[in-house]
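The values are calculated or read from the model by the stated rules, or taken from the named source; none is laboratory data. This structure is a prediction, so every number in the text was calculated from the model and none was measured. Cβ: placed from backbone, ideal geometry, glycine included. Neighbour counts: every protein chain shown. Heavy atoms of the whole protein, side chains included, go into the accessibility calculation; ligands, DNA and RNA do not. Shrake-Rupley method; radii C 1.70, N 1.55, O 1.52, S 1.80 Å.
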Amino acid sequence: MTAPAPRPEILRISPYVGGESTIQGVNRTIKLSSNEGAFGVPPGAQAAFTQMAGELYRYPDGGAEDLRRAIGARFKLDPERIVCGSGSDDIIYQLCLAYGGSGRDVVMSAHGFSIYHIAATYAGSAVVKAPERGLCADVDALLASVSASTRLLFLANPNNPTGSMLPYEEVARLRAGLPSDVLLVLDAAYAEYVARPDYEAGARLVDAGDNTVMTRTFSKVFGLGGMRIGWAYAPAAVIDVLNRVRAPFNVSIAAQAAAIAALAEPGWVEKGRDHNLEYRPILTRGLEAAGIKVWPSEGNFVLADFGTPARAQAADAFLRTRGIIVRAVGGYGLPHCLRITVGTAEEVALVIETLGAFMATSRG
Ligand SMILES: *Cc1c(COP(=O)(O)O)cnc(C)c1O
């Protein structure tokens, strides 16, 4: 008798490890492990969610029309060229399943977002990782990794977990160097946090051709990670494909209402962005003053580099004894680093103080 078996590549997938949220034996924890916004849920979104409680017997609008219209108005994009998903992860999976597959490779950078690897492998694609330069995606290396089998290239910009960013000129050079039949997916999950004038989230390249997609999320600055809402802006032909393959009711009725309200929350994005622009440098300088290397970041997190895996593990353990949960990134090939979300002013101060104490004691 043989038991049912999945395709062999499925068992080579390591399950995604999300940021932890509890420490055994500690009842008050500070969670800085998942890059959730520093300010919780937008009040209007919380109210909209509560108001939907009586409507939960109804199916959602499968086309998420009101939400797509609200996104379009907010970001000045054609709602017809937007598809919503159960988080942007959902969209990434659908793109891999539709455009990838056996003999249809996926290219990503060495320390790129791990969901690309999982989704591509699930689809049956081989994944090719291009080396980075100074923990930043390298356009020449990405282009050199492309072969006749390549069908998709994923670039998180800014990237998680490194925080690095490619300016528009570099992303445009990447697009220009790719074969026209390679779909370039620009994952702009942290776009709202970027203040650099040479940045562009992706819409410009989507509009410039028929082979670039931009993905966005409500999980970060919009404070709705638990609701699972993301979206893609894409050429009409890609939108048509996504609408054929996605689950018909992939965004719940409550998620649609909460997202629409989050978009309408006055000053919410500005508040999150301004806080991050103020406190990310404070966190960076505080860690550097303690003797920790911090990689430049355009996101709402920093990558703290402890030099060796043992030291990073010791720092993680020390933070945990104080109830602070950050993200170990060994799975990203960065075992000597920890990714730390920029939290509230108090949380930032506490991280600096705690890691300062760690460095003082571990220095001996
Ligand atoms: C957090 C994050 C996302 C968002 O995923 P959702 O499924 O929308 O919650 C996407 N890409 C990157 C690089 C991220 O860090």
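On the stretch given as region 85-118, residues that are within 13 Å of the ligand (Cβ to nearest atom) and more than 15 Å from ASP240 (Cβ to Cβ) total 18. Taking the listed residues GLY286, GLY291, GLY299, GLY272, the one that is open to solvent by 40 Å² or more (accessible area, probe 1.4 Å), of a type in the set (Gly, Ala, Ser) and out of contact with any strand residue (DSSP E or B) (no Cβ under 6 Å at 6 or more places or on another chain) is GLY291, with no other qualifying. Considered as a group, the residues in region 147-169 that are hydrophobic (A, V, I, L, M, F, W, C) and surrounded by 19 or more Cβ atoms within 10 Å (Cβ to Cβ) include one that is farthest from VAL329 (Cα to Cα), and that residue is LEU152. Hey, any hits in region 170-177 for a residue that's among the β-branched types (Val, Ile, Thr) and either more than 16 Å from the ligand (Cβ to nearest atom) or surrounded by fewer than 19 Cβ atoms within 10 Å (Cβ to Cβ) (or both)? Within region 170-177, none of the residues are among the β-branched types (Val, Ile, Thr) and either more than 16 Å from the ligand (Cβ to nearest atom) or surrounded by fewer than 19 Cβ atoms within 10 Å (Cβ to Cβ) (or both).
Table: residues versus (1) acidic (Asp, Glu); (2) within 24 Å of the chain's Cα centre (by Cα).
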{"residue": "GLU265", "(1), (2)": "yes, yes"}
{"residue": "ASP274", "(1), (2)": "yes, yes"}
{"residue": "ILE282", "(1), (2)": "no, yes"}
{"residue": "ARG285", "(1), (2)": "no, no"}
{"residue": "VAL302", "(1), (2)": "no, yes"}
{"residue": "ASP305", "(1), (2)": "yes, yes"}
{"residue": "ARG311", "(1), (2)": "no, no"}
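Of all residues in region 12-33, those that are in a loop (DSSP other than H, G, I, E, B), open to solvent by less than 30 Å² (accessible area, probe 1.4 Å) and touching a Gly at 6+ places or on another chain (Cβ under 9 Å) total 2. Scanning region 186-212 for residues that are within 18 Å of LEU143 (Cα to Cα) and in contact with a helix residue (DSSP H, G or I) (Cβ under 6 Å, 6 or more places away or on another chain), we see that the one that is surrounded by the fewest Cβ atoms within 10 Å (Cβ to Cβ) is LEU205. When ALA148, ALA119, ALA126 are checked against the criterion of being touching a Cys at 6+ places or on another chain (Cβ under 6 Å) and at pLDDT 95 or above, ALA119 stands alone in meeting it.
For first residues located in region 231-244 and touching a residue at least 12 places away in the same chain (Cβ under 8 Å), partners that are of a type in the set (Phe, Trp, Tyr) and lie 6+ apart or on another chain with Cβ distances below 8 Å form the pairs TYR233/PHE75; VAL241/TYR99.
In region 153-162 there is no residue that is out of contact with any Leu (no Cβ under 8 Å at 6 or more places or on another chain) and over 30 Å from THR341 (Cβ atoms).
The criterion of at least 1 residues that are within 16 Å of the ligand (Cβ to nearest atom) is met by the following helices (runs of 4 or more DSSP H) wholly inside region 192-296: 236-245, 253-264, 268-289. Please verify whether VAL17 is farther than 28 Å from GLY267 by Cβ and within 16 Å of the ligand (Cβ to nearest atom), treating the condition exactly as stated. So VAL17 passes the test. Looking only at region 143-177, residues that are assigned to a helix (DSSP H, G or I) and within 23 Å of the chain's Cα centre (by Cα) come to 9 in all.
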